[in-house]
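This report refers to the structure that appears directly beneath it.
The values are calculated or read from the model by the stated rules, or taken from the named source; none is laboratory data. Every value quoted in this text rests on a predicted model; they were computed, and no experiment measured them. Please note: Cβ atoms are built from the backbone with ideal geometry, for glycine as well, and neighbour counts cover all protein chains shown. In case anyone asks, the SASA skips ligands and DNA or RNA and just uses the protein heavy atoms, side chains included. Shrake-Rupley method; radii C 1.70, N 1.55, O 1.52, S 1.80 Å.
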Amino acid sequence: MASAASKVVWVNGPIVVGAGPAGLSVAACLKARGVPSVVLDRADCVASLWQRRTYDRLRLHLPRHFCELPGMPFPDDYPEYPTKRQFVDYLEAYAAQSGVEPRFNQAVTSARYDKAAGLWRVCAEDVSATSSAGEDVVTEYIGRWLVVATGENAERIVPDFQGMEEFAGPVSHVSEYKSGEAYRGKRVLVVGCGNSGMEVCLNLCDHNALPAMVVRDSKVHVLPREMLGVATFSVAVFLLRFLPQWLVDRILVLLARVFLGDLEKIGIRRPSRGPLELKNSRGRTPVLDIGALARIRSGDIEVVPGIKRFFRGGAELVDGRRVAADAVIMATGYHSNVPQWLKGSDFFTQEGYPRVPFPDGWKGESGLYSAGFTRRGLSGVSSDAIRVAQDIAMAWEQQTSSR
Ligand SMILES: Cc1cc2nc3c(=O)[nH]c(=O)nc-3n(C[C@H](O)[C@H](O)[C@H](O)COP(=O)(O)OP(=O)(O)OC[C@H]3O[C@@H](n4cnc5c(N)ncnc54)[C@H](O)[C@@H]3O)c2cc1C
Ligand SMILES: NC(=O)C1=CN([C@@H]2O[C@H](COP(=O)(O)OP(=O)(O)OC[C@H]3O[C@@H](n4cnc5c(N)ncnc54)[C@H](OP(=O)(O)O)[C@@H]3O)[C@@H](O)[C@H]2O)C=CC1
Ligand SMILES: O=C(O)C(=O)Cc1c[nH]c2ccccc12
């Protein structure tokens with residue numbers, strides 16, 4: 001039977017929820033300024049998104065210098081686009097070097113500000129195997145500051161399609177995909193055409209599987225990862241220093257047309273809103289092509305329109321066509337989980353993002369902070385972490401000097 005909080009822990013310093021790149025870098029920056037913190041994570045390792053929920057052949061798709069965390073560069077011998085293994089090694093070394101030791105298996109289920117006491121009360125359930133003797137072990141952490149670092153990819157989105165239960169084959173989310181080995185020779189319907197959908201289709205091809213990728217409304221922004229050896233992302237960042245976003249979007253689309261050709265011929269149209277605008281407003285990251293387009297052109301990846309319903313042997317599409325499938329992989333994205341556990345605060349929207357836009361969404365009321373919700377990948381994580389740690393350190397110094 002479940003029981004109420006069985007332990008209470010007073011935290012001297014901030015309580016940081018999440019031990020991904022954001023939580024680790026906030027804790028490291030705090031530590032560098034002499035501020036202790038407690039980092040909680042529901043998983044049993046640091047950076048669980050990277051260690052447990054991504055596929056083997058994944059690489060960073062932004063150049064390395066956009067992905068370094070504050071205070072520790074990548075080793076010199078890392079390539080421009082580090083592999084997942086290299087990135088995970090780096091994150092583990094980052095935690096070790098900065099002396100950050102998260103408390104694992106702590107799934108935060110509620111956090112609220114106790115106005116009377118002027119303190120945050122954070123409840124976490126121990127989800128480790130040893131605690132499964134029929135009783136939840138709940139710890140209440142109490143502290144002056146709360147840093148939300150649970151990320152933009154905390155929970156999977158799995159749409160509920162009509163007839164899904166009739167489909168005879170396995171249905172999984174892309175976060176469970178490790179390699180195409182299990183799919184050799186199989187017809188795989190990949191739902192979604194973000195970076196995950198595209199890269200999984202490419203990986204499936206490499207393992208001689210037969211992927212069909214659903215591109216809803218036939219629309220997605222695909223950009224080359226590099227143009228004449230220069231990263232498209234670097235070009236965008238550079239142009240944004242001088243030009244408004246809408247104009248940079250126009251230029252990116254024009255350059256993509258030059259470097260990738262006409263995608264309409266292969267059944268892909270561009271959304272009317274620009275790639276950066278869509279990233280910032282809806283969290284839809286443009287696809288940075290690492291080879292999937294060539295496989296679409298060669299016919300190894302079939303592009304199909306939206307799904308109407310599933311049946312035993314596959315799916316019926318919105319254009320009335322039927323596509324046969326042995327397995328389905330949902331590459332349909334992720335959502336934040338903050339509204340599920342942060343109570344009594346309107347700092348976050350219903351979608352679980354700070355209401356205040358970048359670069360000011362890192363600080364809320366009453367000692368509440370957020371890191372990693374900027375829709376700017378790892379460079380957004382770093383910029384938040386530096387600001388959050390600086391602000392808390394100032395309050396910390398004031399508090400300790402007035403004692
Ligand atoms: C496949 C993939 C590839 C990516 N590649 C890049 C890239 O190349 N470059 C780039 O800049 N960005 C990339 N990103 C974006 C990604 O968001 C960042 O890389 C980074 O992981 C964000 O760090 P974070 O700490 O904010 O979130 P996360 O890495 O998701 O960490 C959040 C942590 O919070 C924990 N958590 C969640 N809820 C709770 C709870 N209730 N209680 C306790 N703990 C909780 C999770 O277990 C997790 O460990 C990629 C994302 C994905 C999915
Ligand atoms: N190498 C790398 O570094 C990689 C990075 N990533 C990153 O991970 C993050 C998550 O990416 P990803 O997992 O691709 O998620 P995204 O949210 O970017 O994409 C989700 C996709 O699913 C589609 N979709 C959602 N619901 C449905 C539906 N009901 N029917 C059909 N299609 C649907 C969306 O279509 P629509 O646009 O029409 O809503 C979209 O194409 C991104 O930031 C991405 O850049 C991911 C993989 C590799
Ligand atoms: O790789 C990701 O998922 C990111 O979120 C990195 C990123 C932030 N802003 C972008 C704009 C275009 C392509 C990738 C990113």
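For segment 1-79, rounded, prolate or oblate, judged on the Cα gyration tensor with a ≥ b ≥ c (square roots of eigenvalues), a/c < 1.5 rounded, else prolate if a/b > b/c?
It comes out oblate by the Cα gyration axes.
About the Cα centre, and with charges only on the beta carbon of Lys, Arg (+1) and Asp, Glu (-1), how big is the dipole of segment 286-391? Nearest 20 debye, please.
In debye, rounded to 20, segment 286-391 gives about 280.
Can you tell me the length gained on complete extension of the stretch Arg52 to Ser128, counting 0.36 nm per residue apart and subtracting the Cα distance?
25.8 nm
How do Trp396, Trp145, Trp246 stack up against each other in accessible area, from largest to smallest, with a 1.4 angstrom probe?
Of Trp396, Trp145, Trp246, the descending order of accessible area is Trp246, Trp396, Trp145.
So if we plug the beta-carbon distance of Arg184 and Ala32 into 1/(1 + (r/R0)^6) with R0 = 35 Å, what FRET efficiency do we get, rounded to 0.05?
0.10
How much length is gained on full extension from Lys7 to Asp262, taking 0.36 nm per residue of separation minus their Cα-Cα distance?
Between Lys7 and Asp262, full extension yields 85.7 nm more.
Of Lys7/Lys31; Lys178/Lys343; Lys279/Lys363; Lys7/Lys343, which sit over 29 Å apart, Cα to Cα?
Lys178/Lys343
How large is ³J(HN,Hα) for each residue in segment 352-363, as worked out from phi by the Karplus curve 6.51 cos²θ - 1.76 cosθ + 1.60 (θ = phi - 60°), to whole Hz, x for Gly and Pro?
Values, residue by residue: x, 10, x, 5, 7, x, 3, x, 10, x, 8, 10 Hz.
Using bins 10 angstrom wide from zero, how does P(r) for segment 156-330 break down, in % of all Cα pairs?
10, 37, 33, 16, 4, 0
If you average the C-alpha positions of segment 146-166 and of segment 41-102 separately, how far apart do those two centres end up, in angstrom?
Taking the Cα centre of segment 41-102 as reference, the centre of segment 146-166 is 23 Å away.
What FRET efficiency do you get for His65 and Met394 if R0 is 30 Å and r is their Cβ-Cβ distance, rounded to the nearest 0.05?
That pair, His65 with Met394, gives E of 0.60.
Of the peptides 29-35, 160-166, how do they stack up when ordered by the mean number of other Cβ atoms within 10 Å, highest first?
Result, highest mean first: 29-35, 160-166.
Starting from the Cα of Lys115, draw a straight line to each of the aspartates and glutamates and keep only those under 20 Å, dropping any in the same chain fewer than 8 residues away.
Result set, ordered by chain and number: Glu140, Asp346, Glu365.
To the nearest 10 degrees, how steeply does helix 84-98 sit against the main Cα axis of the chain, on a 0 to 90 scale?
Around 10 degrees separate the two axes.
Please tell me the relative contact order of the chain in percent, rounded to the nearest whole number, where contacts are Cα pairs under 8 Å and at least six residues apart.
Relative contact order for the chain comes out at 23 percent.
For segment 156-330, what does the relative contact order come out to in percent, with C-alpha contacts under 8 Å and a separation of six or more?
Computed value for segment 156-330: 37 percent relative contact order.
Where does the chain land on the Kirkwood hydrodynamic radius, alpha-carbon pairs, in angstrom?
22.7
Once every DSSP H run of n ≥ 4 in the chain is given -39500 (n - 2.57) and the sum is divided by its residues, what mean residue ellipticity at 222 nm do you get, rounded to the nearest 500 deg cm²/dmol?
Computed ellipticity for the chain at 222 nm equals -8500 deg cm²/dmol.
Order Asp319, Asp76, Asp346 by their accessible area, 1.4 angstrom probe, all chains in place, largest first.
From most accessible down to least: Asp76, Asp346, Asp319.
May I ask you to derive the FRET efficiency for Gln162 and Arg312 from their Cβ-Cβ distance with R0 = 22 Å, giving the value to the nearest 0.05?
Efficiency computed from Cβ-Cβ geometry: 0.95.
What residues have an amide H closer than 5 Å to that of Val304, excluding those fewer than 5 places away on the same chain, when H is modeled at 1.01 Å from N in the peptide plane?
Met213, Val214, Val215
Rounded, prolate or oblate: which one fits segment 239-371, using the alpha carbon gyration tensor with axes a ≥ b ≥ c (rounded when a/c is under 1.5, else prolate when a/b beats b/c, else oblate)?
oblate
With the Cα gyration tensor of segment 67-203 giving a ≥ b ≥ c as the square roots of its eigenvalues, does the rule (a/c under 1.5 for rounded; else a/b larger than b/c for prolate; else oblate) give rounded, prolate or oblate?
In terms of gyration-tensor shape, oblate.
With a point put 7 Å past each Cα toward its Cβ, work out how far Trp246 is from Lys219 in nm, to one decimal.
Here the modelled spin labels are 1.7 nm apart.
For segment 100-108, what does the Karplus curve 6.51 cos²θ - 1.76 cosθ + 1.60, with θ = phi - 60°, yield as ³J(HN,Hα) per residue in whole Hz, taken in order and with x for Gly and Pro?
My calculation for segment 100-108 gives 8, 10, x, 8, 8, 6, 10, 8, 6 Hz in order.
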